[in-house]
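*Asks:* I have a structure I would like to understand better, so I am pasting it below and will then ask my questions one at a time.
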Amino acid sequence: MAIAIGALAAFGAVPRFDFVDWDDGLHVYKNPGVAAPSVAAIARFWRAPYEYLYMPVTYTAWAALSPVARLPRPDARGTTLNPAVFHTANLVTHALSALILFHVLLVLLWVEARREGREPVSRGPPDARTVAAAGFGALVFAVHPLQAEAVAWVTGFKDVLSALFGLAALFHLLVYAARQRGGVSRVAFAAESGIPRALLFQRVAMHYGASLVLLALALLSKPAAVALPFMAAALVALMPSMSLRREIRYVGPWLVLAAPVALLARHIQGPTTQVVVPLAARPVIAGDAIAFYLAKLIAPSRLSPIYDHAPSVALARPHVAWIATLPLLLGAVLAYFGWRRRSPYIHLYAAFIAALVPVLGFVPFLYQQYSTVADHYAYLAMAAAGAAAAFATAAAMRLAQTAIVVTVTVMLIASACVVANVQASRWRTSVVLLDYALSTRPANSPGNAKIYFNLGNVKMREGKLPEAVELFHRSIALDPSLARVRNNLGTIYAQQGDLTGATREFAEAVRLDSTFAEAHNNLGQALAIQGRMAEAIVHFRRAVALAPTLADARANLDEALREAK
């Protein structure tokens, strides 16, 4: 109950927020397979990537929410989807993830107590201090301001849903390992750990099967879940008498499941990645990113939807090499104490870093052209941070008066709720979010191109076309490679009757992104109006091939073929 209350205190206002011009249209309300779902449209999400991402479970979940979110008439965006339904799904999924983490922490604390010989073998339940420590760790995950982006952003559902399945997979794997290594029955384990018996299978092997199914769902919700096997390896190593051979037996099938997803994600995003970082610089980029997340974990101030942290910017910062070594030094210190005092913190630190590995820049990824870091990338890693908080709280309660420790933890959670609430409120509308994003960045940063583009979309929707054109030109000046900016600029020119300008911009859009179905359709329309029917048919056909659910392209192709006869 306390975990749910904490999540509501931090993010309870989220269901009242709007969609934002920050990929929400791209993935949700302008996505034909979500806005007008059908069996065929959902099947396409499972057959092929959409917008350089293969996450069919997430798109299927959005499509399932779509009928519930249906509005009686289109809103100002032209969508008939109610954002409250999607925001509520984010919040509920986040709260459930925190609750699952609470049970994961009960398992880990039980394992640690047995490893240290503190837990009696009398089948007694865990004391209130253990439960409180696990609850505090889950609350850190639930209310930390770093979580605001994933929870308050409709598109962040991919992070939240993947983490839900991933944490559930970790729970079942750890229960399997703990019961197998500890030799305890379902009844005894439930009594000693505090895990409800309803969450435990009679046959211990069923936990491992459940972990594989849930891991697959996590991987199909967001490809970055390929980090889960490495997180699992770090946590399973906490089990008593865990040899390398045994650990491989536990985690090996997880790696086998994750490997194809990692290769597919690399194949999908590899050709689109515009940033080339020398191999020698990638460890520096990765170390700098880990240091960034650790700093935001401790002091979550000036959080931003897009940081001025592209590889070129990060590498140009003073003392970046020294900053990049700090996570390595911290790991060395934790490893030393882990070896000398059997401390669990090196394992939790390893799990934290493992969760970030897919987005640290060792392998280039699409968003890296704007920034090497983003708050929602740390969503799953915050589970490891919550685990560290739980272990630290349990240790503090053994050394100090419980009342003092509880008072301090309550104050920390209350403060985090306030900051998280403020940070979440910055996602309530597009204008609020984008103005805030600009306020956190240098004026001429190349990453501002994405912000100006989205602000231009807002002005375009409001009918303020001259302002929209100015914002799109600002975006192009900072980053000429954005195909969607060219497409929207061409749309304005077409509305103003400037077919020459519209054709030029649409042609540039398809040159920049040959898979951009909407731009092909728009270019076809501009060419058809000018009587260039043969050229128009080529682009209509290309649009239909790329996006079979794009009804306008199909209708335009049929009409063009009739006129060409």
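We did not get these values from a lab; they are worked out from the coordinates using the rules stated. In this text, all values refer to a predicted model and were calculated from it rather than measured experimentally. Because the Cβ atoms are built from the backbone with ideal geometry, glycine has one as well, and the counts that use them run over all protein chains shown.
*Asks:* Over segment 2-65, with a single point scatterer placed on each C-alpha, what log10 of the ratio I(q)/I(0) does the Debye formula yield at q = 0.16 1/Å?
*Replies:* Cα-only, vacuum Debye calculation for segment 2-65: -0.63.
*Asks:* Now, a different point. Report, to one decimal in Å, the Kirkwood hydrodynamic radius for segment 11-114 based on all distinct Cα pairs. Each step should come with its number before you reach the end.
*Replies:* On the way: mean 1/r = 0.0645 Å⁻¹.
Taking every pair of different Cα atoms in segment 11-114, averaging 1/r and inverting gives 15.5 Å.
*Asks:* Treat the count of other C-beta atoms within 10 Å as a stand-in for reagent exposure and order Asp159, Asp498 from fewest to most. Write out the running numbers ahead of the final one.
*Replies:* On the way: Asp159 30, Asp498 15.
The order, fewest Cβ neighbours first, is Asp498, Asp159.
*Asks:* Do any chymotrypsin sites (Phe, Trp or Tyr not before Pro) in segment 201-244 lie in a loop, going by DSSP, with at most 14 other beta-carbon atoms within 10 Å of their beta carbon, and if so which? Could the numbers behind the result be given before it?
*Replies:* Details: sites: Phe201, Tyr208, Phe230; in loops: Phe201.
Answer by residue number: there is no such site.
*Asks:* Using the number of other C-beta atoms within 10 angstrom as an exposure proxy, rank Met1, Met239 with the fewest first. Intermediate results must be reported in sequence, preceding the final value.
*Replies:* Numbers: Met1 7, Met239 20.
Least crowded to most crowded, the residues run Met1, Met239.
*Asks:* Another question about this same structure. Sort out for me the Cα centre separation of segment 46-84 from segment 333-406, rounded to whole Å.
*Replies:* With segment 46-84 and segment 333-406 each reduced to a Cα centre, they are spaced 33 Å.
*Asks:* How far, in nm, would the chain grow between Arg342 and Trp46 when pulled straight, counting 0.36 nm per residue and subtracting the alpha carbon separation?
*Replies:* Details: separation 296, 0.36 × 296 = 106.56 nm, distance 4.51 nm.
Additional length available on full extension: 102.1 nm.
*Asks:* State which entries of Lys296/Lys464; Lys158/Lys296; Lys222/Lys464; Lys222/Lys459 exceed 27 angstrom in Cα-Cα distance in the structure shown.
*Replies:* Numbers: Lys296/Lys464 38 Å; Lys158/Lys296 22 Å; Lys222/Lys464 36 Å; Lys222/Lys459 32 Å.
Over 27 Å Cα-Cα: Lys296/Lys464; Lys222/Lys464; Lys222/Lys459.
*Asks:* Sticking with this one: Compute the separation of the alpha-carbon centres of segment 206-237 and segment 476-530 and state it in Å as a whole number.
*Replies:* The two parts, judged by their Cα centres, are 42 Å apart.
*Asks:* If you don't mind, there's one more thing I want to ask. How would Lys296, Lys222 line up from fewest to most surrounding beta-carbon atoms within 10 angstrom?
*Replies:* Numbers: Lys296 19, Lys222 28.
If I rank by nearby Cβ atoms, fewest first, I get Lys296, Lys222.
*Asks:* Looking only at Cα atoms, what is the convex hull volume of segment 442-564 per residue, in Å³? Mind dumping the intermediate values first?
*Replies:* Numbers: hull volume 12.0 nm³, N = 123.
It is 98 Å³ per residue.
*Asks:* Test of the criteria: in segment 168-234, which trypsin sites (Lys or Arg not before Pro) are in a DSSP loop and have at most 13 other Cβ atoms within 10 angstrom of their Cβ?
*Replies:* Working: sites: Arg179, Arg181, Arg186, Arg197, Arg203; in loops: Arg203.
Answer by residue number: Arg203.
*Asks:* Using 0.36 nm per residue, how much length does the chain from Ile248 to Thr407 gain when fully extended, once their Cα-Cα distance is taken away? Can you show the working numbers first?
*Replies:* Details: separation 159, 0.36 × 159 = 57.24 nm, distance 4.17 nm.
The Ile248-Thr407 span can extend by a further 53.1 nm.
*Asks:* Note the full-extension length gain between Phe201 and Phe362 as 0.36 nm times their separation in residues minus their Cα-Cα distance, in nm to one decimal. All intermediate terms of the calculation are to be shown ahead of the outcome.
*Replies:* Working: separation 161, 0.36 × 161 = 57.96 nm, distance 3.93 nm.
Here the answer is 54.0 nm.
*Asks:* If I compute volume of the Cα convex hull per residue in Å³ from the structure I just sent, which labelled value in (i) 201; (ii) 210; (iii) 154 lines up?
*Replies:* Label of the calculated value: (iii).
*Asks:* Something else now. Just to verify a number: FRET efficiency for Arg115 and Ala414, C-beta to C-beta distance, R0 = 30 Å, to 0.05?
*Replies:* Working: r = 33 Å, r/R0 = 1.09.
For R0 = 30 Å, the calculated efficiency reads 0.35.
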